[in-house]
Each structure stands twice: as structure tokens, then as C-alpha cells.
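Step one of this worksheet: look at the structure below.
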Amino acid sequence: MRKLVLSVAVALLSSSLFADEGMWVLPLLKQQKFAEMQALGLKLGDLEVYNAEGPSLKDAVVRFGGGCTGEIISPDGLVLTNHHCGYGSIQRHSTLEHDYLTDGFWAMSRAEELPNPGLTVTFIDKIEDVTDYVMEALGKISDPNSVEFLSATYLNGLAKEKVGEAFLRENPGTEVEIKAFYGGNKYYMFTKKIYSDVRLVGAPPSSIGKFGADTDNWMWPRHTGDFSIFRVYADANGNPAPYSESNVPLRPKRWLKLSLAGVEEDDFAMIMGFPGRTNKYYTSWEVAERRDIDNAVRINIRNLRQEAMLEEMLKDPQVRIQYASKYASSTNAYKNAIGSNWAIRKRDFERVKAEEQQRLIAWSNKMCEPAYPEALLSLEKIVNDRKDLRFRSWMLDEALVRGIEFSKVPTDIEPLCQALSGKDKASRAESLAAFEQAYKRFADKDYAPAVDKKIAKVMLKEYRRLVAPESAPAYFSVIDSQFKGDVDAFVDYLFDTSIYGSQANFERFKKRPSVKALREDPMILFAQSVKDERKALAKALADFDAGYAIAHRTYVKGLLAMHGELASFPDANSTLRLTYGQVRGYSPRDCDFYGHQTTLDGVMEKEDSTNWEFVVPARLKELYKAGDFGPYQMPSGKMPVAFCATTHTTGGNSGSPVLNGNGELIGINFDRNWEGVGGDIQYLPEYQRSIIVDIRYVLFVIDKYAGAGYLLNEMELVKE
């Protein structure tokens, strides 16, 4: 009997830990979750994971660019991230002659590493709880409707005041920011060091780094080697500096060891990274809004746009290169919306949130706290009242702003008009030169007018079908008044007559520039009309923002009071977080089960030489046939590719290091399964899985496939 009781207790503990969700703030980790992490298999002390005063694992985790994560893997500043995080940089270096997207790129010496203007790598030096400091400052604001408690400008101003201008001057490349947590009920200040000399070191071909492409995106099982390698450079003193040939590889505070031991079912795994945004504290009304407006519009419009885009990409290799990144970006959010709606319906999130609201109301009545039920009433009214405006805004954004590239043509023509009207030849020439530069920024190397024209026809037809004429941008009346509702003829007219319609049109304008041509240009009028409508909708929706922010803050405050402040994690907000769980497969549906590990066998099984998403490089097939996997193979002799874990991740966690109980790198997070994307609202323990490229596959590709094994000489590899 005693053994039975013990077994049940252990099972309950395991179930509780397995079901645990969370993107935890590092300074609170010891109080909140460290004991549970150790029970699952963490062997490190808390200060080895996060130490405010000395080096720890957090110093090896960086924000890569503006929306991904990376990890430092050598004392010479090597950074690992995802292939899709480095995709834009790889694309910018690609041409038809040097197609690094298709063929891959490997610098065989540091002199061959490629600079990437605009790309940054950000380290977090310190995280401080500044709640009392911020609350004191907010208390001096007399306006009861002020939403400064969420204003980045206001909060970052407080951050600079706190550290002082002298500190920032004496620490080049250092920035400070204060972020709101729990809807503005708690605040942390982040001291960051930002490096801007980041060079491309290596990337596999897309047939490895993007294997499965859009078909497999958000799917498990997965067989993608989604990684790329960069290096951070600094000045001679280790400080951030603009690109210079005299810069040297950064000597970081901490770098990760790479484990060759692999993973087994139920192994402990933890992820550190910069998750972008979650909505754990949605109300039931916001869940319905997300399902019926946000996701529904995105799914419909992007599906139409992607069909048109892909058709052109498959016809022309040049278009494929130009639109590869645009297509990938579009499909990423498209599949996310599909998975989100599946989860909302599968687990009835609307009901789950409604029940939580009822518990809060009952608790509030018992505790004589009327503010929390009142906040819920306010939130319900706000969400209902903004419904039509939100639908129009989403349609405008998806179909016109994002969907039609010429909706973003430069519309600031007055400086040129004034110059053309005057007699100053120098001013005229200067204004024409500036106008030409603006044109070139719009019609850059990744813009194809014929593709934009095709997509525009599809987008405009669907927009007009779903949005009433009186709610459309004003210029759209031309479609009916001059073209009798013929969208195709209207779009053809724009491209035939606009200055921006083609290079030939622009050259004709340059020869005989006129104010009349500018002010009557149909694309400029179209784009300005879209901008005006977007501005009007934003203003109308903004009228709800203050009331929503104040009510939401009060609602979250009520939940924290009811559950206890340490019981819950704050929504993701692109700050450094930790999540943990176990390596584990899952059952997506009845009588179907997916294991935790994929191998190179699956790559060969998926091979389809007629489908660009599933082409397998000849060199990879040679290595597979020879079984030449080196020290990276599993005990079974198979070559591992990817694995999945129960860790709670979202956008921004792309490229995040996946660590074992010893804090060693075992993989790179690169995706989630589509059944788990609803975890942005409510964690799904039986479905939610992070999809991770096995570090052994990364090393195999670098060493055996690319022949860049010299890079391994600067890494610390751990065999057991």
C-alpha cells in the first residue's frame, strides 16, 4: 500500500510538472520555479542560470536582430541562430551568380565573413526590479486617464533618468529600457549592450535550412536544419563599434558548451530567449475577437495573396529570390492564425476565460473588491463597441497595406512640387535627386511590378467584396466612377500611367517633370488614400485604448491578488525569459502518435526532386548512403535531425538555445507545432511542443557536409 501511495504521489508530481506552462522572468526564477526545474533534472545552481552580479548562462543568450534569439558558442563571438532568422541577411548577399539561398555560404576564413549593415546583436547585462521607482513617478501624474504606465517613451525616459547621462556616455553601445509587466502592475529595467558589427559566417543551402519550407512550417515531425552562423565583432577594447576592418571578434563573458550526448524521452530541457508577445490575460470577449476577426481575416487574405505570389515565384527564378523572404513571412503568420483558431475551438478558450472571470467576480464579491468586476464590464463593452472598426482595420492592413506593395509608394511630393514651381535650378535638381532616391527605395531589387500588379487585382477584389464602399479609402470611388467596377482595368491603369508604374514611366517623368503629373498621379493618390484611411481607423480605435489599458491593468491586478503574485508569469514582451519542460512526443489526434526524435531517414523519405520544398542535396545523399555521420550519430547508428519538447515558446524564441540539465546546448529552437500555437493564449500541455534542430545535426552539416570543420575548433564539445 505504501508503495502504491508513493507511486501515485510521484505520478501526480510528474503530471503537475509536465503540465506547467510559463515564460518566467529570470530574477524571480529562484522563488517561483527553481525547485520544480531541479525535480525535472536541472543540475545547476540558480546563480549559474542567472546571476545579476557575475557571468551566468544568460550572458550567452542574445537578441538577434529585432525579433529572434541567438546564442554565443565560442570565446571568439560565434553566434548560432536559425536559418530563417538569418534569411534576410543571406538573401541580401545573394545574386543569380552567387545564390547563397540555394547553394549555402561558408566563410573558410575570417576574412571571408560578410558584414550585414543594420543587423545587431544585443546582450542583457542586468535586469532590475524598478516597480517602486516607476510607481512613485506615475503617482505624480494627475490625469486619471493617463496611460503613461504603458508608454515606452515615458518609461524609457525614466530609465535614462535613473542611470544618468554620464553612465550612458561612459558605456558605449549601452542602452537602458524599462518594460511594463502584468499589464503595468510591475516593472523591470534592462541594461543592454548592442553590437552592430555582425558578420555572416555560414549558412546551409535552403534545401537543408528550409527543408520542407511552407508545407512543413508549424508541423511535426520535422526534418529541417534550420540554423545559420554569425560572428560578433567589437573594437579593440571589446566595445560595440560600427563595422570596420580593424574590429576584432568579441570576447564574450560566457559561451555555451555543445553536447554530443543527445536526448532521450522525458529528458529535462530548458530554453532561454526573447519571446515576443502572448495573450495569457485575454478575456473571453477578446478570445472571440481574435478568432472571428483577427485570425479569420488573416487566414482568408493571406491565402489569396500567397497563391498569387507562389504562382509567379515558380515561373521565374529571379522572382523566387526576390519574393522568398516576403512569402515566408506571409505564410508564417497565416499558419499561426490557423493553429490559433484550431486551439481556441478545440479547448474552448472562450469558456475557459469566462470561467476564470466568474471565479474572479466571486472572489471579488467575497473580498469586497468591486473594482475587478467593474473592470470586466468595461472590457466587455470596449471589445463589443470596437468590433466594426477592428474588422475594417484588419482588412485594410492585410489586403491593402501588407498585400499591395504599391500602397507604400512615397507620397510626400510637396517639396518637389515647390521646387518645380520655383526658378532655383539647384533646388530643383536637389529635389529631383531626393525623389529618385525615394523611388529607388520603393522599387528596390526585391520588387517586381508584374507580381505586385497580379496580387493587387486579387486583393482589391476581395477587399471590395467584404468592405462596404462607404468604409473604403476615398480614392476607391474611382473604380466605380471611371472603370464601372472593373478592378483589373483600374490596376492596369495605375501601372500604365503612374510615375511608379515602371522604370520607363519614371524615366519619362524625369525628362519632363511637372507638378500636374505629381499631383494627379494615380498610384500616389491611391497610396495617400490608403494612408488616410489607416490614420482615420487608428484614431478611431485609439479612442478605446486608454479605457482598455486601464481596465485591463485592473483586471490583471485582480487575478494576481486572487492567485498570488508568484503564481503566474507575465505575458511575453520581447524580454529575456526562461521556459522549461521535457523532451516528449505527443498524440495530435485519436490513434496517432508522434515520437520525440526525427532522423536523416525522414529527410530521404520526404525527398521529392519535383518539389522545391523537398529537394535533397546530392552531397547529403552521399553522406547518408555511406553512413558517414562521424561522432554525431545516435547509438543506433542513425543521424539525428530534430526533436521536440514541452517547453512554452512563441515568436521571438526562434533561434533560442535549448539546454540540458547541465546547461549544455542540445539544440536550437526554430518552430512550434501548429496544434500548440494557441498556447499564446492558453497553454496546451498535451499538444504544445517546441520544435528544435538537434545540435548534432548542426555540427554534422558544418563538418561533414560543408567541410567547415575548422569552426568546431573554437567550440567546446562535450561527449557525455
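Taking region 455-498 as the range and being out of contact with any Pro (no Cβ under 8 Å at 6 or more places or on another chain), of a type in the set (Asp, Glu) and over 17 Å from ASP397 (Cβ atoms) as the test, the residues that pass are GLU470, ASP486, ASP488, ASP492, ASP496. In this structure, ALA261 qualifies as in contact with a strand residue (DSSP E or B) (Cβ under 9 Å, 6 or more places away or on another chain) and either surrounded by fewer than 19 Cβ atoms within 10 Å (Cβ to Cβ) or of a type in the set (A, V, I, L, M) (or both).
From the list ILE229, ILE208, ILE178, which one is in contact (Cβ under 8 Å) with a residue 60 or more places away in the chain and closer than 30 Å to LYS126 by Cα?
Of the residues listed, the single one that is in contact (Cβ under 8 Å) with a residue 60 or more places away in the chain and closer than 30 Å to LYS126 by Cα is ILE229.
When you go through ASP592, ASP601, ASP671, ASP571 one by one, which is the residue that is within 18 Å of ASP226 (Cβ to Cβ) and not β-branched (Val, Ile, Thr)?
ASP671
Given the criteria open to solvent by less than 40 Å² (accessible area, probe 1.4 Å), under 24 Å from TYR463 (Cβ atoms) and either touching a residue at least 24 places away in the same chain (Cβ under 8 Å) or basic (Lys, Arg) (or both), does LEU389 qualify? Yes: the conditions hold for LEU389.
Scanning region 354-370 for residues that are among the acidic types (Asp, Glu), open to solvent by 60 Å² or more (accessible area, probe 1.4 Å) and under 15 Å from GLU380 (Cα atoms) yields one hit, GLU355. Among the residues of region 157-204, those that are among the small types (Gly, Ala, Ser), touching a strand residue (DSSP E or B) at 6+ places or on another chain (Cβ under 6 Å) and under 30 Å from TYR100 (Cα atoms) comprise GLY202, ALA203.
Residues that are β-branched (Val, Ile, Thr) and under 23 Å from LYS315 (Cα atoms) within region 602-630 comprise THR610, VAL615, VAL616, listed in sequence order.
Looking across region 187-212, the residues that are open to solvent by 10 Å² or more (accessible area, probe 1.4 Å) and among the small types (Gly, Ala, Ser) come down to SER196, SER206, SER207. Among the residues of region 124-141, those identified as open to solvent by less than 20 Å² (accessible area, probe 1.4 Å) and either under 18 Å from SER56 (Cβ atoms) or within 20 Å of the chain's Cα centre (by Cα) (or both) are ILE124, ILE127.
So which residues in region 444-459 are of a type outside the set (D, E, K, R) and within 16 Å of ASP496 (Cβ to Cβ), if there are any at all?
PRO449, ALA450, ALA456, listed by residue number.
Within the group GLU311, GLU380, which residue is of a type in the set (Asp, Glu) and either surrounded by fewer than 14 Cβ atoms within 10 Å (Cβ to Cβ) or over 30 Å from LEU466 (Cα atoms) (or both)?
Selected residue: GLU311, the only one of GLU311, GLU380 that is of a type in the set (Asp, Glu) and either surrounded by fewer than 14 Cβ atoms within 10 Å (Cβ to Cβ) or over 30 Å from LEU466 (Cα atoms) (or both).
Limited to region 614-640, what total is found for residues that are in contact with a strand residue (DSSP E or B) (Cβ under 7 Å, 6 or more places away or on another chain) and either charged (D, E, K, R) or farther than 25 Å from GLU264 by Cα (or both)? The qualifying residues number 1. Taking the listed residues THR575, THR554, THR579, the one that is in contact with a His (Cβ under 7 Å, 6 or more places away or on another chain), open to solvent by less than 60 Å² (accessible area, probe 1.4 Å) and either more than 30 Å from GLY262 (Cβ to Cβ) or not in a helix (DSSP H, G or I) (or both) is THR579, with no other qualifying. Every condition in (1) surrounded by fewer than 18 Cβ atoms within 10 Å (Cβ to Cβ); (2) over 25 Å from the mean Cα position of the chain (by Cα) is met by ASP76 except one, and the failing one is (1). Of the set (1) modelled with pLDDT of 95 or more; (2) on the phi < 0 side of the Ramachandran plot; (3) out of contact with any Asp or Glu (no Cβ under 8 Å at 6 or more places or on another chain), all apply to TRP394 but (3).
With respect to (1) buried (at least 20 other Cβ atoms within 10 Å of the Cβ); (2) in a helix (DSSP H, G or I), the lone exception for ARG351 is condition (1). Yes or no: SER636 small (Gly, Ala, Ser), more than 16 Å from PRO221 (Cα to Cα) and under 33 Å from the mean Cα position of the chain (by Cα)? Spelling it out, it is not the case that SER636 is small (Gly, Ala, Ser), more than 16 Å from PRO221 (Cα to Cα) and under 33 Å from the mean Cα position of the chain (by Cα).
Test SER325 against the criterion of being touching a residue at least 60 places away in the same chain (Cβ under 8 Å) and open to solvent by 20 Å² or more (accessible area, probe 1.4 Å), and give yes or no. Yes: the conditions hold for SER325. For region 678-698, the candidate set comprises residues that are part of a helix (DSSP H, G or I) and out of contact with any helix residue (DSSP H, G or I) (no Cβ under 8 Å at 6 or more places or on another chain); within that set, the residue that is farthest from SER206 (Cα to Cα) is ILE695.
Any residue in region 243-251 that is in contact (Cβ under 8 Å) with a residue 60 or more places away in the chain and open to solvent by 40 Å² or more (accessible area, probe 1.4 Å)? Within region 243-251 (the criterion being in contact (Cβ under 8 Å) with a residue 60 or more places away in the chain and open to solvent by 40 Å² or more (accessible area, probe 1.4 Å)), the answer is yes, since at least one residue qualifies.
Of all residues assigned to region 144-165, none qualifies as being outside any strand (DSSP E or B), in contact with a Lys or Arg (Cβ under 6 Å, 6 or more places away or on another chain) and either touching a residue at least 60 places away in the same chain (Cβ under 8 Å) or surrounded by 15 or more Cβ atoms within 10 Å (Cβ to Cβ) (or both).
Within region 264-280, being in contact with a Ser or Thr (Cβ under 6 Å, 6 or more places away or on another chain) and open to solvent by 20 Å² or more (accessible area, probe 1.4 Å) holds for one residue alone: GLY276. State all residues of region 213-234 that are open to solvent by 40 Å² or more (accessible area, probe 1.4 Å) and either over 20 Å from MET639 (Cβ atoms) or more than 22 Å from the chain's Cα centre (by Cα) (or both); if no residue qualifies, say none. Those that are open to solvent by 40 Å² or more (accessible area, probe 1.4 Å) and either over 20 Å from MET639 (Cβ atoms) or more than 22 Å from the chain's Cα centre (by Cα) (or both): THR215, MET219.
The values are calculated or read from the model by the stated rules, or taken from the named source; none is laboratory data. None of the values given here were measured: they were computed from a predicted structure. Cβ coordinates were reconstructed from backbone atoms using ideal geometry, including for glycine residues, and neighbour counts include every protein chain displayed. The protein model used for the area step is the full one, side chains on, heavy atoms only, and it has no ligands, DNA or RNA in it. Shrake-Rupley method; radii C 1.70, N 1.55, O 1.52, S 1.80 Å.
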